[in-house]
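Reading through the structure tokens given below for one structure.
No value in this document is a laboratory result; all are computed from the given coordinates. Keep in mind that this is a model prediction, so the values were computed, not measured. Ideal geometry is used to build each Cβ from the backbone, glycine not excepted, and the neighbour counts take in all protein chains shown.
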Amino acid sequence: MATQLKKGTLELCVIALLSHREWYGYELTQELNKELVVKDATIYLILQRLEKAGFVHSYIKQIEQTTKMRKYYLLSEEGKIKLQELTTEWESLKSIVAQCITQGGLKNE
Amino acid sequence: MSKYDYIYRLRMNLSQYHGNIDEIIKNYETIIDEMLDEGLSMEQIIQRLGSPAVLADEIIDEFKLSYRKKTETPKWTSIILLICAIVFAFPIITIIITLLGSIFGTIIGAIGGVFSSFIIWGIPEASLLTKLTVSITSLASSISALIIWYFLMYWIIKLCLKFVGWLKHTITNLLGGL
């Protein structure tokens, strides 16, 4: 997939995944890498950016019966609002791109 | 590279920038621990995250970290250095004057050598061998002396200019600070 296409939509993918449940960092990178080929560092930077912006919270949890610790990420209330905004923008963009591809022009709505 | 080496190098790369570096480092320690717990080797982790330098660049770019200015030398250090420089300067100046004096002697000697290499040919009593020997050795020693002195003086002048430049900069900063 083209790098520029991926770059623009990765943040939406991360927020969308977090809207369904909590994920820990490595698990999220593995999930995204199932279909997209993305550097783990990029995903971690997105998570840190989202956390800094307040869209995502994190906490450290110990795995049961082990000494291993994991950092889990979950969507905040602001994150849910951000997801709605991004989803609306995505739907709009999807429609525009589809018009360009299928109709060779854009209608003025 | 071990985890500690990686984190140390990442910290070194980021330490030149303003920002919550401790928090960033702690985050990446957690990330690396997580990946190690999942069974990845450090080589695999470096492949996924990038080298410490590459990762540092990405972090700096992502969070728009600003570069720290180099710390200025404290005023009292500058004053002490200035006093030392002035004291140190006296013997240096004496050496320079001596060297400058000797260069003139060398130039005069070299000119004399060049002349003697021609004058010898005007002495009828001297044999051809003597004339050739005197000419060649006089010319060769004159030219080599001039070349050596040229380079010596070049470096001495360059050092002096650097020293004067540093002195000027320090005095300007001190006066500016006062």
* Structure fact -> If you go through A:60, A:46, the only one that is of a type outside the set (D, E, K, R) and loosely packed, with under 14 Cβ neighbours inside 10 Å is A:60
* Structure fact -> Here the residues within the stretch B:1-40 that are within 14 Å of chain A (Cβ to nearest Cβ) and of a type in the set (Ser, Thr, Tyr) are B:6, B:28, B:30
* To do: Could you list, in sequence order, all residues of the stretch B:104-129 that are under 43 Å from the mean Cα position of the chain (by Cα), of a type in the set (Val, Ile, Thr) and loosely packed, with under 15 Cβ neighbours inside 10 Å?
  => B:107, B:108, B:111
* To do: For residues that are closer than 24 Å to residue A:72 by Cβ and more than 7 Å from chain A (Cβ to nearest Cβ), scanning just the stretch B:43-58, find the one that is surrounded by the most Cβ atoms within 10 Å (Cβ to Cβ).
  => B:45
* Structure fact -> Scanning the stretch A:15-45 for residues that are assigned to a helix (DSSP H, G or I) and away from chain B (no Cβ under 14 Å) gives A:15, A:16, A:17, A:18, A:19, A:20
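To keep it simple, each residue is scored yes or no on (1) among the β-branched types (Val, Ile, Thr); (2) touching a helix residue (DSSP H, G or I) at 6+ places or on another chain (Cβ under 8 Å); (3) outside any helix (DSSP H, G or I); (4) under 21 Å from residue A:49 (Cβ atoms).
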position	(1), (2), (3), (4)
B:5	no, no, no, no
B:11	no, yes, no, yes
B:19	no, yes, yes, yes
B:22	no, no, no, yes
B:25	yes, yes, no, yes
B:28	no, yes, no, yes
B:35	no, yes, no, yes
B:39	no, no, yes, no
B:48	no, yes, no, yes
* **Residue match in the stretch B:131-138 (condition: under 30 Å from residue B:19 (Cα atoms) and in a helix (DSSP H, G or I))** => no
* Please work out which residue is nearest to the other protein chains (Cβ to nearest Cβ), limiting yourself to the stretch A:63-88 and to residues that are part of a helix (DSSP H, G or I), surrounded by fewer than 14 Cβ atoms within 10 Å (Cβ to Cβ) and of a type in the set (Val, Ile, Thr). => A:81
* Got a number for residues in the stretch B:1-29 being in contact with a strand residue (DSSP E or B) (Cβ under 9 Å, 6 or more places away or on another chain) and surrounded by fewer than 16 Cβ atoms within 10 Å (Cβ to Cβ)? -> 2
* To do: Please find, among B:101, B:39, the residue that is more than 30 Å from residue B:160 (Cα to Cα) and loosely packed, with under 12 Cβ neighbours inside 10 Å.
  => B:39
